[in-house]
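Okay, so here's the structure we're looking at.
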Amino acid sequence: MVEQIAANLSGRRLGHPHRVGVDGLVGAGKSVFARELVAALRAHGRQAVHLDSDGFHHPRAIRYRQGRDSARGYYEDAYDLEALADRVLRPLGTPGSSTYAMRVHDMSTDETISGATATADCDAIIVFDGTFLQRGQLRELWDDVIWLEVDRATALARGAARDAVSLGGEAAAFAAFASRYMAACDLSTIEERPAERASIVIEHTDPMAPRVIRLPGEPASD
């Protein structure tokens, strides 16, 4: 399935770096999928770069200004989407410098980063994985968005298990995901309809048996 997506993306030349977002619920498997996609794109001979949303958080003072448990706060304040638009997506479009920020924030130190930049080749494919990638101003800046469709309960359990150590144990992690992170995804689903807007949709509840639902230039599956 990853090879199918890579072949579709590699077969297109846009005249500027190809901006691909990997979107989905928390716990959907976005980062793993993005890394596998980048490896497949490179096997097709394309320059491919993976950018992780962990480098595009707001500082803590902004992230938690609506409260550490606030779903609306996570949805609106967790990620620096303005920096993603102005320092990554617009420079990679037309007209653009092709020089983009690799990250703008360090989670461990809470410091803002200004000098971590790189320049993409004209035919490069930049793959950015994150949540809420189709909010507002970002929506028209992607060339393709891949939506990983995952059963909500499965994503919730997967995300809580992944972050159990950092969130104080399995029970605390599950509570945090239910009240803040997954609840924020529910807001996004209602307000942005991300699965409907995405150009590529993949059924990804079982990452060992994914299925392409929608792919540009190919008929949708049942």
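The values are calculated or read from the model by the stated rules, or taken from the named source; none is laboratory data. This one's a predicted model, so the numbers in the text were calculated from it and none came from an experiment. Backbone-built Cβ (ideal geometry, glycine too); neighbour counts: all protein chains shown. In case anyone asks, the SASA skips ligands and DNA or RNA and just uses the protein heavy atoms, side chains included. Shrake-Rupley method; radii C 1.70, N 1.55, O 1.52, S 1.80 Å.
Tell me whether region 55-72 contains one or more residues that are touching a strand residue (DSSP E or B) at 6+ places or on another chain (Cβ under 8 Å), modelled with pLDDT of 95 or more and assigned to a loop (DSSP other than H, G, I, E, B). Yes, because at least one residue in region 55-72 is touching a strand residue (DSSP E or B) at 6+ places or on another chain (Cβ under 8 Å), modelled with pLDDT of 95 or more and assigned to a loop (DSSP other than H, G, I, E, B). Residue count for region 23-54 under the criterion of being touching a strand residue (DSSP E or B) at 6+ places or on another chain (Cβ under 7 Å) and over 21 Å from Thr119 (Cα atoms): the result is 7.
Can you tell me which residue among Arg87, Arg103, Arg60, Arg46 is over 17 Å from Asp144 (Cβ atoms) and either touching a helix residue (DSSP H, G or I) at 6+ places or on another chain (Cβ under 8 Å) or among the β-branched types (Val, Ile, Thr) (or both)?
On the way: Arg87 fails: either touching a helix residue (DSSP H, G or I) at 6+ places or on another chain (Cβ under 8 Å) or among the β-branched types (Val, Ile, Thr) (or both); Arg60 fails: either touching a helix residue (DSSP H, G or I) at 6+ places or on another chain (Cβ under 8 Å) or among the β-branched types (Val, Ile, Thr) (or both); Arg46 fails: over 17 Å from Asp144 (Cβ atoms).
Criteria check complete, one pass: Arg103.
Filtering Ala83, Ala118, Ala78 for residues that are open to solvent by less than 70 Å² (accessible area, probe 1.4 Å), out of contact with any Pro (no Cβ under 8 Å at 6 or more places or on another chain) and more than 23 Å from Ala198 (Cα to Cα) leaves a single hit, Ala118.
Under the condition of being among the aliphatic types (A, V, I, L, M), farther than 20 Å from Glu140 by Cα and open to solvent by 20 Å² or more (accessible area, probe 1.4 Å), the residues counted in region 1-24 number 3.
Annotation note: Cβ proximity below 6 Å between a residue of region 23-38 that is of a type in the set (Val, Ile, Thr) and a residue that is open to solvent by 20 Å² or more (accessible area, probe 1.4 Å) (sequence gap 6+ or interchain) occurs for Val26/Tyr181; Val38/His50. Within region 40-54, restricting attention to residues that are part of a helix (DSSP H, G or I) and without any contact (Cβ under 8 Å) to a residue 60 or more places away in the chain, the residue that is least open to solvent (accessible area, probe 1.4 Å) is Ala40.
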